[in-house]
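Heads up, the thing below is written out as structure tokens.
The values are calculated or read from the model by the stated rules, or taken from the named source; none is laboratory data. Predicted, not measured: the structure shown is a model, and the values here were computed from it. Note that each Cβ is placed from the backbone with ideal geometry, even for glycine, and that neighbours are counted across all protein chains shown. Calculation scope for accessible area: heavy atoms of the full protein, side chains included, ligands and nucleic acids excluded. Shrake-Rupley method; radii C 1.70, N 1.55, O 1.52, S 1.80 Å.
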Amino acid sequence: MTTPSVAVQAHVAERREVETKPIQVGLLGIGTVGSGTFKVLQRNQHEIQRRAGRGIEITMVADLDVARAKSIVGEGVEVVADARAVIANPAIDIVVELIGGYGIAKALVLEAIAAGKHVVTANKALLAVHGTEIFAAAHAKGVMVAFEAAVAGGIPIIKALREGLTANRIEWIAGIINGTTNFILSEMRDKGLDFATVLKEAQRLGYAESDPTFDIEGIDAAHKATIMSAIAFGVPVQFDKAYIEGITRLQATDIRYAEQLGYRIKLLGITKRREHGIELRVHPTLVPAKRLIANVEGAMNAVVVQGDAVGTTLYYGKGAGSEPTASAVVADLVDICRLHTADPDHRVPHLAFQPDAMADTAILPIEQVVTAFYLRLRVADEAGVLSKITTILAEHDISIDAVLQRESAEGEKSTDLIILTHDTVEGRMRDALAKMQALSSVLAPIVSIRKEELA
Ligand code: HSE
């Protein structure tokens, strides 16, 4: 065996020194997740170092509230108000963006990439909307953008989809990926309360924000579903093509009827491979009560992934919160530690598929989505009504799975008719709904909620 030259030995020694000195991290924003990240890194530093092969140290923090930030990190960590000072610091290897939103966060992430920093972010909104631009910039610069914390908080679903399930052709994903709405739906079902009452309670308990729009309108869940869809099918992130319906119009009555029929109502983020495109949608969904995911209660998250080889897999855990989300951020830091000296072409691609192997498969419009339906019709309790309704459904080739008619009280002239259908194309159902609504014996707006068997 020949002895390496002096120059090679010096290079190896230098490389070893780089690889063993702690990697330096700068945090942009030290709120709930940032402080959790700081705490977890400190508490578990020995274990983390044994796994990463070198220390991971937060050495700089940018936050507008400098005094509060200093009270969290103590002495020894430089705290500044200007995020750009972190990006400009040549000693910082990884920038962790925890500011959120599409505004300044986008500029800072792109500037960090341009400065050659690896980026860790929990910002689902940013990646769902601007991911294509951000990943392209990172690829060109040879840096990593890691985002495990962006989807389902502490559940390692990105890792599972991108690596653990890499042998599979993913068929579909269905997830409870917003804790706020799952908490509200669980409370509505448990206590028989209406949406507005439970929302107020959720705000009082800190489960919902004072402006809950992103959560209750399904936007947060759609951001996460968009990211999972891109990773599952190797397509660009396309938040603008997602169909989004929140839980604000959901009534306690329908939760009750669904229960009687053996279903629970959950806000699901769904993405599905179909022959001519991909479904990407978020909406309240009836799910059989016997499915594990139907029994995910409170603010918990869960994601079901159907792969052709593995079959059905389920991932469950906390989708938000300080340390659960920090768990994902720190996992990304460890990944970067392990991979940052690797050839960029041999790292795990941002969206699981090699950038030059991405597909341009279309996201299908909602009219072409295939689902089953729960319908509730307030109808006149008189002869022939049921037959008129079933005729319209039959004319639209919509097959009925079950019918439930509430027993009318003495002297009541109207009743609720509940119909469960088999799978149909949404556009066809919309036509049928318009025809049914026009019947004089249908006395109120028809309630329709999509239903998935998730079999
Ligand atoms: N607001 C989100 C939720 C947490 O309720 O799940 C972060 O996305």
Is it fair to say Glu163 is more than 16 Å from the ligand (Cβ to nearest atom), open to solvent by 10 Å² or more (accessible area, probe 1.4 Å) and assigned by TED's automatic domain parsing to the domain that holds Leu292?
yes
For region 257-300, name all the residues that are of a type in the set (Asp, Glu) and out of contact with any helix residue (DSSP H, G or I) (no Cβ under 9 Å at 6 or more places or on another chain).
Glu275
Got a number for residues in region 194-209 being among the polar types (S, T, N, Q) and away from the ligand (no atom under 14 Å from the Cβ)?
1
Could you grab the pairs with beta carbons closer than 9 Å, sequence gap of 6+ or different chains, first residue in region 382-398 and closer than 21 Å to Leu443 by Cβ, second one loosely packed, with under 13 Cβ neighbours inside 10 Å?
Glu382/Lys413; Leu393/Ser399
Does Leu267 satisfy being open to solvent by less than 30 Å² (accessible area, probe 1.4 Å) and either away from the ligand (no atom under 16 Å from the Cβ) or modelled with pLDDT of 95 or more (or both)?
yes
Residues in region 231-248: is at least one within 15 Å of the ligand (Cβ to nearest atom) and open to solvent by less than 10 Å² (accessible area, probe 1.4 Å)?
yes
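This table checks each residue for (1) at pLDDT 95 or above; (2) over 30 Å from Thr253 (Cα atoms); (3) away from the ligand (no atom under 16 Å from the Cβ).
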position	(1), (2), (3)
Leu280	yes, no, yes
Leu286	yes, no, yes
Val296	yes, no, no
Val305	yes, yes, yes
Thr312	yes, yes, yes
Thr325	yes, yes, no
Ala331	yes, yes, yes
Ile336	yes, yes, yes
Asp343	no, yes, yes
The residue from Ser448, Ser387, Ser441, Ser399 that alone is closer than 20 Å to His283 by Cβ and modelled with pLDDT of 95 or more is Ser448
Given (1) touching a helix residue (DSSP H, G or I) at 6+ places or on another chain (Cβ under 6 Å); (2) open to solvent by less than 40 Å² (accessible area, probe 1.4 Å), Ile336 misses just (1)
Tabulated pairs, region 153-170, first assigned to a loop (DSSP other than H, G, I, E, B), second more than 16 Å from the ligand (Cβ to nearest atom), C-beta under 6 angstrom, 6+ apart or interchain
Leu165/Gly307; Ala167/Ala309; Asn168/Gly307; Asn168/Asp308; Asn168/Ala309; Asn168/Val310; Arg169/Asp308
List the number of the failed condition for His223; all other conditions in (1) open to solvent by 60 Å² or more (accessible area, probe 1.4 Å); (2) in contact with a Phe, Trp or Tyr (Cβ under 9 Å, 6 or more places away or on another chain); (3) near the ligand (Cβ under 9 Å from one of its atoms) hold.
(1)
Single condition Ser387 does not satisfy, out of (1) in a helix (DSSP H, G or I); (2) hydroxyl-bearing (Ser, Thr, Tyr); (3) in contact with a Phe, Trp or Tyr (Cβ under 7 Å, 6 or more places away or on another chain)
(3)
For the subset of region 429-455 comprising residues that are assigned to a strand (DSSP E or B) and β-branched (Val, Ile, Thr), which member is surrounded by the fewest Cβ atoms within 10 Å (Cβ to Cβ)?
Val447
Does region 179-193 contain any residue that is more than 13 Å from the ligand (Cβ to nearest atom), buried (at least 20 other Cβ atoms within 10 Å of the Cβ) and not basic (Lys, Arg)?
yes
